[in-house]
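Throughout, read-outs are computed from the coordinates displayed, never taken from laboratory work. In this text, all values refer to a predicted model and were calculated from it rather than measured experimentally. Here the Cβ positions follow ideal geometry from the backbone for every residue, glycine too, while neighbour counts run over all protein chains shown.
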Amino acid sequence: MEINIFIKKIEEEFEDIQPNTLVPTDVLSEKFTWDSINALIFLAHVNVEYDVEITAEELIKSKTVQDLYDLVESKEL
Amino acid sequence: MAIFQVPNINIAGISACVPEDEYNNNDYDWVSEKERETLIKVIGVEKKHHAKKGTTTSDLCFVAANNLINELNWDRSEIDLLLFVSQSRDFILPATAGLLQEKLSLPKTCIAFDVSLGCSGYVYGLSVIGSMMATGIIKKGLLLTGDISTLNTSFKDKSAFPLFGDAGTATAIELKSDAKPMMFNLQTDGAGYDAIIIPDGGIRNFVDVDTSFDYKQISEGIVRNKFNIAIDGIKVFNFSLREVKPNVNKLLQEYGLSTDDIDYFVFHQANKLMNETIRKQLKLKPEKVPYSLSEYGNTSSASIPLTIVTELNSVVKNSELALLLSGFGVGLSWGSVILHTKNIVCPPIYIHKD
């Protein structure tokens, strides 16, 4: 799955994010209020879209959008 | 493997009762207005009912059961089984079921005992009461489930306080030789025991006047003591997303059914985000998945029967239905049941004057 599609789906999922604004190098904590609620929304999103499970620790380690993408990609294999 | 059928039992009626006080999450000023809006949207709870101190789960279950018995015109002397499923019993001991047996004027020949389960409690409870009755000796039984959770949550805990509501329910079960069997799939994972826990007050961690009552900051917006319900949100979330769908699918498969054969799926009302994710995982149409979350919150072991009473009231009264009920959470414990109903007695929800 391409990173552009990944980003597009994230933008659709999170209402606070305007479409076509996220890029892979964006730092998550600057773009999201990266709290437990958003963490859960993200977990739910990757579970339904990509059938992938992510732990809190893995999520915390992801600093950028690219990191998140790489994390999901690695689980899909 | 706990996939099994229980024959010869039928649900005759379901009722529910909530305490009179309503709490509106729009008033939850422990968090900012923006955070409040997001919280309400994500968990899906706008209002819920809060018991006053002094009201017990058994008080709520009593109102539900007493009224239901009257609606059904049941002879109380014929009720030989009362199962009380709750994690908020009246006393540490004795069991609460006996108190209810007496209050409901049930005979001394009645079997009465407690089962300590929460979110999975209704499904587990049906399997226990059903299995005991299936052999044919007991003709009438009552399954009473509910919890008073709000008195155990810390107001300053944004992960718990806005979520829970209080309720008690009663389900009347009767022996019926031509009843379609109930089909169960029940599971457990004790490794997740601390995903939802009240740490102190049991034998493992005795009450300690020096430490049990102290409020501690756990993280931003979460302050609680060791008598408060502590939820590890991500752990519970991952558990639910991992286990509910396979449990439901296995049950359907085992009995040669598909989701198309089910009229309604009534899930334990955990929170909107979690429940909607499960619904999407199972590819279920929204019309088949009712919610009582927005008006009643997460009512623990009462949530499944309460949702039937509030959201499926007219269909369960007037038609034949195939229902799949699924409870999951504290324990970690989870289970699903497929059952068929026909013209259930289902009075509107009762309000307990605290």
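General remarks:
- Debye, to nearest 20: dipole size of chain B, +1 on Lys, Arg Cβ, -1 on Asp, Glu Cβ: 540
- Modelled spin labels at B:N205 and B:S131, positioned 7 Å past Cα toward Cβ, are 3.1 nm from each other.
- Given charges at beta-carbon only (K, R positive; D, E negative), |dipole| of the protein assembly as shown in Debye: 1180
- Environment charge at B:Y215 (Cβ cut-off 11 Å; Lys +1, Arg +1, Asp -1, Glu -1): +2
- Kirkwood hydrodynamic radius over Cα pairs of the protein assembly as shown, then Stokes diffusion coefficient at 25 °C and 0.890 mPa s, in µm²/s: 109
- The lysines whose alpha-carbon is closer than 17 Å to the alpha-carbon of A:K8, local same-chain residues fewer than 8 away aside, are A:K31.
- Cα centroid separation, segment B:212-281 to segment A:21-67 (Å): 20
- Residue (of B:S154, B:F84, B:N225) at the positive-pole extreme of the protein assembly as shown, dipole from beta-carbon charges: B:F84
- 19 Å Cα-Cα threshold exceeded, pairs from B:K180/B:K245; B:K156/B:K272; B:K140/B:K342; B:K34/B:K235; B:K139/B:K180; B:K140/B:K176: B:K180/B:K245; B:K156/B:K272; B:K34/B:K235
- Relative to the longest principal axis of the Cα atoms of chain B, the long axis of helix B:33-43 lies at roughly 30 degrees.
- The protein assembly as shown: antiparallel DSSP beta bridges as a percent of all, rounded to 5: 70
- Placing a label point 7 Å from the Cα of B:R76 along the Cα-to-Cβ line, no residue of segment B:163-182 has its backbone N under 12 Å from it.
- Interatomic Cα distance distribution for chain B, bins of 20 angstrom, percent: 32, 60, 8
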